[in-house]
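Beneath this line is the structure, given in structure tokens, with notes to follow.
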Amino acid sequence: MIDRAFILRGLEVADLDAVKITLFHHTRDATLKQLPLAAKMSDEQKTDLRIKAADWLLENASDSRVEQPSPDAMREMMEMGTGSPIGDKEYNARAPIAGFEDYPYFAQWQDEAPEIPEDFKVAIIGSGFAGVGMGKQFDILGIDYVILERRPEPGGVWSINTYPDVRVDTMSVTYELAFERKFHWKEYFGRGSTVRKHLDDVSRSHGMHAKTLFEHDVKEARWDPAASLWRLTVASPEGEKVISVNAVVSCSGLFATPKIIEFPGKESFEGEIVHTAEWPADLQFKGRKLATIGNGSTGVQILGALAREAEHVSVFQRTPQWITPRAGYGRPIEEEHLWLIENFPGYRNWWRFTATVPLFDTHKLMLPDPEWQAQGGVVNEGNDAMREVLKNYIADQVNGDEELIAQLTPDYAPLSRRPVVDNGWYKALTRDNVDLVSKPIKRLVANGIETEDGEIHECDLIVTATGYAVEKYLWPTRYKGDHGQDLHDEWDSKDGARAYIGLMHPGFPNFFSIYGPNSQPISGGPQQPVWFATWGSFAARMLMRMLEEGKSQVEVTREAYDAYNAALDEESKQLVQLSALGGADKNYYLNADQGGRLQVNAPWYSPEYHRLLTEIDWDAVKFSGHAEMTSEDKLQGAA
């Protein structure tokens, strides 16, 4: 029964900053604007807010949508969520997070769309978040496309990863395709299976699934300059085929190629070795002796599930991580809160925004402060304070065990590496059937793993949670440019993978790499689905301009590419990640084997990177060729 008590229970667990803003959105009650952020509200203020919201909901609850506020009203309400003024650059980058528009961050024709050649088609490589979103972007524009997916289902990395307790490490409400209005989540941090279903449902309901060729693996993409076409060599269930398209958007992502670590003696090991990205559906580990290698996000997620079933688990750690708690992690969304999400119009939108707010000011935590260091500090005041909080968290989780604390405490600054969310990993290390091993691995032997001190750790199943070869962008597809040059060879001959704004490559016309080199913002939010849409919008706007001008190809100039990357390298030098304080010698954000430069991240303050992507420098690209072309051997549509 939906009564006052039910609604108040929902409000008790709801995000009070989102409740405050949503209620203000509807009522314009000035007293709500005077409330501080929820973290600073008194108990009395929280109670009064919940009562006001319950009163309103008893009279007005519905599943209707609310309209996009005016820019002034939007900024006013955003500032109620941040507790501080919002500049123009920040407003432009962050206002769409709430998702009041039909298609947040997507590109749309400003005037009447130009006549698009009947046979014009784009190939999208991959059907994870980026590929599904890219398909929606082209649907909005009326541009034909086909999605080529090497797996039998949509989902990308969420199709690949099926290991026990796999889930997102960001709030579900921030990790969704914002143009989808149905709320798919039952937990605050969605399980992998739920994310896969979200992508499958969206792909089907919005039409992308019908335009996808599954089990189609692109082996090579070769630019044909005479025809202004990409010729794709594709392995399919029907055999190898060649598909010709006008443009290619690679959405293969950063986490596509598992990182397989080879150890001496592997052939002598008598047990099983399983990478978490290749988890067999029928794998049994109950009652077995296990070893896990790797303590990044995956290793930390999986340990609890393994330890509860295994006879014993040896946890091999090479580099300690700063592992952080997340409120609500592993917890189902309460029935009352789900009702609120569905029946408090605008709450879900504002919750998505307020759940992202804590990320907004993280950039400054990554910049060393010489004055602070001169006074004896390590990095800067905020980063050092975070270090103390996390050190105390470690001590609390392992019950003050000094030996464990010494092994688990990193010697580099927090936020230098990808943040890892605790899934009970520290607590699992205190179990009687779990041992932490920090000695380096020497080799595998018949019955386990030998460390460099000569000790043999018995196991019959080794779980390698060693992540992905993130330096292998676009792998294993080979891309051949306007003179037959190979993009991977070009990267390997220099200092690793590079791109213009993470997306474009000189000599490779009409080609865009979503989640390409140096594209993941180093800090400042928002979450990945927003960036997928933003990157996709950039690629779409390039093709839109090309079509408007009646041209057949677009590419970045060499001069703009070189200038951008020089500026990127200079900006990177400010970051703690590239210093000894940031553990530069053991950081996958850097390409240690190719010069040690920042390769995964865009070093810019997040709203500045958003500006670079949305206020396009058209002088950086060149358009050429003519739109008229034949339809010879073009793919006519998805099966």
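Annotations for the structure displayed:
Listed here are the residues, each with its yes/no results for (1) of a type in the set (D, E, K, R); (2) under 26 Å from residue 301 (Cα atoms).
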| position | (1), (2) |
| --- | --- |
| 370 | no, no |
| 397 | no, yes |
| 402 | yes, yes |
| 409 | no, yes |
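Residues checked against (1) closer than 13 Å to residue 106 by Cα; (2) hydrophobic (A, V, I, L, M, F, W, C):
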| residue | (1), (2) |
| --- | --- |
| 507 | no, no |
| 526 | no, no |
| 531 | yes, yes |
| 550 | no, no |
| 556 | no, yes |
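- Which numbered condition residue 444 misses (of (1) closer than 30 Å to residue 273 by Cα; (2) under 32 Å from the mean Cα position of the chain (by Cα); (3) aliphatic (A, V, I, L, M)): (2)
- For residue 472, the stated conditions do not hold, so it cannot be described as modelled with pLDDT of 95 or more, part of a loop (DSSP other than H, G, I, E, B) and either acidic (Asp, Glu) or surrounded by fewer than 22 Cβ atoms within 10 Å (Cβ to Cβ) (or both).
- Within region 234-255, being of a type outside the set (Asp, Glu), exposed (fewer than 12 other Cβ atoms within 10 Å of the Cβ) and in a loop (DSSP other than H, G, I, E, B) holds for one residue alone: 237.
- Restricting 260, 302 to those that are touching a residue at least 40 places away in the same chain (Cβ under 8 Å), within 25 Å of the chain's Cα centre (by Cα) and open to solvent by 50 Å² or more (accessible area, probe 1.4 Å) reduces the list to 260.
- Selection of region 64-86 for residues being surrounded by 15 or more Cβ atoms within 10 Å (Cβ to Cβ) and among the hydroxyl-bearing types (Ser, Thr, Tyr) yields only 82.
- Scanning region 199-219 turns up at least one residue that is in contact with a Pro (Cβ under 8 Å, 6 or more places away or on another chain), of a type in the set (S, T, N, Q) and in a strand (DSSP E or B).
- In the condition set (1) open to solvent by 60 Å² or more (accessible area, probe 1.4 Å); (2) free of Cβ contacts under 8 Å to residues at least 40 places away in the same chain; (3) within 24 Å of residue 613 (Cβ to Cβ), residue 55 is compliant with all but (3).
- Matching entry among 159, 84, 127 (being of a type in the set (Ser, Thr, Tyr) and closer than 30 Å to residue 228 by Cα): 127
- Region 87-122, subset among the basic types (Lys, Arg) and crowded, with 20+ Cβ neighbours inside 10 Å, residue farthest from residue 146 (Cα to Cα): 94
- Top-ranked residue in region 310-345 [being of a type in the set (A, V, I, L, M) and under 30 Å from residue 63 (Cα atoms); ranked as most open to solvent (accessible area, probe 1.4 Å)]: 327
- Qualifying residues in region 476-514 (those that are among the acidic types (Asp, Glu) and either within 20 Å of the chain's Cα centre (by Cα) or under 17 Å from residue 219 (Cβ atoms) (or both)) - the one most open to solvent (accessible area, probe 1.4 Å): 489
- Selection count where residues are in contact (Cβ under 8 Å) with a residue 60 or more places away in the chain and either under 30 Å from residue 312 (Cβ atoms) or touching a His at 6+ places or on another chain (Cβ under 8 Å) (or both), scope region 470-497: 5
Conditions (1) β-branched (Val, Ile, Thr); (2) modelled with pLDDT under 95, marked per residue:
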residue: 330; (1), (2): no, yes
residue: 333; (1), (2): yes, no
residue: 339; (1), (2): no, no
residue: 342; (1), (2): no, no
residue: 351; (1), (2): no, no
residue: 373; (1), (2): no, no
residue: 377; (1), (2): no, no
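- Pick from region 567-607, criterion basic (Lys, Arg) and in contact (Cβ under 8 Å) with a residue 60 or more places away in the chain, ranking: nearest to residue 412 (Cα to Cα): 586
- Looking across region 534-564, just one residue is open to solvent by 10 Å² or more (accessible area, probe 1.4 Å), within 20 Å of residue 144 (Cα to Cα) and assigned to a strand (DSSP E or B), and that is 553.
- Tally of residues being open to solvent by less than 20 Å² (accessible area, probe 1.4 Å), assigned to a loop (DSSP other than H, G, I, E, B) and in contact with a Gly (Cβ under 7 Å, 6 or more places away or on another chain) across region 157-188: 5
- Residue 431 being assigned to a strand (DSSP E or B) and open to solvent by 10 Å² or more (accessible area, probe 1.4 Å): no
- Across region 394-416, the qualifying residues are those that are of a type in the set (A, V, I, L, M) and over 14 Å from residue 438 (Cα atoms), and the one among them that is surrounded by the most Cβ atoms within 10 Å (Cβ to Cβ) is 413.
- Restricting attention to region 164-189, the residues being under 14 Å from the mean Cα position of the chain (by Cα) and under 21 Å from residue 343 (Cβ atoms) number 5.
- Of all residues in region 30-46, those satisfying the criterion of being surrounded by fewer than 14 Cβ atoms within 10 Å (Cβ to Cβ) and farther than 27 Å from residue 96 by Cα are 42, 43, 44.
- Looking only at residues in region 210-260 that are under 30 Å from residue 297 (Cα atoms) and of a type in the set (Gly, Ala, Ser), the one that is modelled with the highest pLDDT is 250.
- Residue match in region 456-463 (condition: within 26 Å of residue 122 (Cα to Cα), crowded, with 16+ Cβ neighbours inside 10 Å and modelled with pLDDT of 95 or more): no
- Criterion violated by residue 384 - all others in (1) within 30 Å of residue 218 (Cβ to Cβ); (2) among the acidic types (Asp, Glu); (3) open to solvent by less than 40 Å² (accessible area, probe 1.4 Å) satisfied: (1)
- Considering region 212-229, the residues that are under 28 Å from the mean Cα position of the chain (by Cα) and hydrophobic (A, V, I, L, M, F, W, C) include one that is most open to solvent (accessible area, probe 1.4 Å), namely 214.
The values are calculated or read from the model by the stated rules, or taken from the named source; none is laboratory data. No experiment lies behind these values; they were computed from the predicted model shown. Positions of Cβ are generated from backbone atoms using ideal geometry, with glycine treated the same way; all protein chains shown enter the neighbour counts. Surface areas here come from the heavy atoms of the whole protein model, side chains and all, with no ligands, DNA or RNA. Shrake-Rupley method; radii C 1.70, N 1.55, O 1.52, S 1.80 Å.
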